[in-house]
Amino acid sequence: PTFLEFFYSILLVFKPQYVHLCIIYMNIGIICYPTFGGSGVVATELGKALAAQNHNIHFISYDQPVRLDAFTENLFYHEVSFNNYPLFKYAPYEIALTSKIVDIVKVHKIEVLHVHYAIPHAAAAATAKHILAREGIKIKIVTTLHGTDITLVGKDKSYEPVVTYSLQESDVVTAVSESLKKDTYSFFNYTGEIHVVPNFIDFQRFNKQPKDHFKKGIAPNGEKILVHTSNFRKVKRVPDVLEIYRRVAAKIPAKLLLIGDGPERASIEAECRNCDICKDVIFLGKQEAVEEILSIADLFLIPSETESFGLAALEAMACEVPVISTNTGGLPEVNIDGLTGYTSNIGDVDKMAADALTILKDENLTQFKAQAKKHSLKYKLKNILPLYQALY
Ligand code: GMT
């Protein structure tokens, strides 16, 4: 390594909080899904943190990212709009995105494109890179894999050639957990390096807040409060959440709060209305201030079939809420079995309920809460941001 690289590595290890001082401010394009999903949240929070360090950040997406809520002079949003002509059966979003990337790179002198999610973002970035190269403009692509792009979409053989090509065309590939890195190597013919950069938390926001009045309203008789947050897709196994809750509520007074919305919600809610637990299960829908609800929770349930990291679990832990999860994907890297909660095989609702009851015992709960919080601190923004900056 050069002297500067050596100096930088030392700084990164021992004083990561000062790393930004030796970085030249860059023009960075961030391409992400704008929705409530974890990949959009990570991309947006990352962009905001980079802008706070004086980089110029340009978000490119089809809608304003949900967490991009405040004005900053060096943070921009460029909407990808496209017309669907009668000839097109499907709107050509990827082509509109590619053209937008080319335009923004030229106008704003973007040096690095950080794309979140392989399909179609990394593929569009790769095409844009080639178009720009023909005009003598060089850009670098950092692709971050978030999970479903690899574990679900990527496994669909019809997407495999494009995902492999997108990985090969990226200058840097990152994955959010060791598990996702392993899956990527096993599903795709990609031999380049994959850097693991986990999800992170902004502890200024995700902290246990004094919300006792709110807790009394939900659980007036001191019932334990169980919480689940998701996009209600099949992969989240929300029926397992209800089964775990049913077993817990049979033993101790408890309430269940369900946050989020998605394709499975209507049927699950309808089914819930017809059964005995209905009055103690509250569907809250999409919520902005998740941290306020987590602040009154005693236990977080995430029995997903696959989860590359589990940002929702980490957000819960940051608010001192222990976690019951499956042991799939990156979840065991986040939820440490026996310390921050418990992990189980997919669908083993009996064990998950028994573990939940163990955690909720008054003599155990305080310790589990403290351990969950302590472990979550490993993922503070200050620790993770320099890892991306070093890659840029
Ligand atoms: O959880 C989801 O279904 C949303 C999904 C997404 O693509 O936005 O989240 C994925 O990325 C998050 C951020 O890296 C991870 O924390 C989630 O674990 C991951 N979801 C799955 O793997 C199912």
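The values are calculated or read from the model by the stated rules, or taken from the named source; none is laboratory data. Quick caveat: nothing in here was measured; it's all calculated off a predicted structure. A quick note on method: Cβ atoms are made from the backbone with ideal geometry, for glycine too, and the neighbour counts reach across all protein chains shown. The accessibility values were calculated without ligands, DNA or RNA, using every heavy atom of the protein model including side chains. Shrake-Rupley method; radii C 1.70, N 1.55, O 1.52, S 1.80 Å.
Worth pointing out:
- The number of residues in segment 19-38 being within 18 Å of Ala289 (Cα to Cα) and either of a type in the set (Ser, Thr, Tyr) or in a loop (DSSP other than H, G, I, E, B) (or both) comes to 4.
- Scanning segment 300-343 for residues being among the charged types (D, E, K, R) and within 14 Å of the ligand (Cβ to nearest atom) gives a total of 4.
- Of all residues in segment 26-53 being polar (S, T, N, Q) and closer than 15 Å to Ile201 by Cα, the one that is nearest to the ligand (Cβ to nearest atom): Ser39
- Residues satisfying the stated conditions in segment 136-165, i.e. of a type in the set (Ser, Thr, Tyr) and modelled with pLDDT under 95: Thr148, Thr151, Ser158, Tyr159, Thr164, Tyr165
- Among the residues of segment 180-207, the one identified as within 18 Å of Val334 (Cβ to Cβ) and open to solvent by 80 Å² or more (accessible area, probe 1.4 Å) is Lys182.
- Being at pLDDT 95 or above and either within 22 Å of the chain's Cα centre (by Cα) or within 16 Å of the ligand (Cβ to nearest atom) (or both) holds for only one residue in Ala122, Ala133, Ala126, Ala118, and it is Ala122.
- For segment 330-343, a residue qualifies if it is surrounded by 22 or more Cβ atoms within 10 Å (Cβ to Cβ) and either out of contact with any Asp or Glu (no Cβ under 6 Å at 6 or more places or on another chain) or farther than 18 Å from Ala313 by Cα (or both), and the qualifying residues are Gly330, Val334, Asn335, Thr340, Gly341.
- Residues of segment 280-317 satisfying the condition of being farther than 16 Å from Ile346 by Cα and of a type in the set (D, E, K, R): Asp280, Lys286, Glu288, Glu291, Glu292, Asp298, Glu315
- Residue-level check: of (1) farther than 23 Å from Lys369 by Cα; (2) open to solvent by 30 Å² or more (accessible area, probe 1.4 Å), Ile268 misses just (2).
- Filter result for Lys140 (within 18 Å of Ile30 (Cα to Cα) and either out of contact with any Cys (no Cβ under 8 Å at 6 or more places or on another chain) or surrounded by fewer than 17 Cβ atoms within 10 Å (Cβ to Cβ) (or both)): yes
- Residue match in segment 52-69 (condition: acidic (Asp, Glu) and either open to solvent by 40 Å² or more (accessible area, probe 1.4 Å) or more than 23 Å from Val290 (Cβ to Cβ) (or both)): yes
- Restricting segment 276-326 to residues that are β-branched (Val, Ile, Thr), open to solvent by 10 Å² or more (accessible area, probe 1.4 Å) and in a loop (DSSP other than H, G, I, E, B), the residue that is modelled with the highest pLDDT: Thr306
- Any hit, segment 243-255, residues being open to solvent by less than 50 Å² (accessible area, probe 1.4 Å) and basic (Lys, Arg): yes
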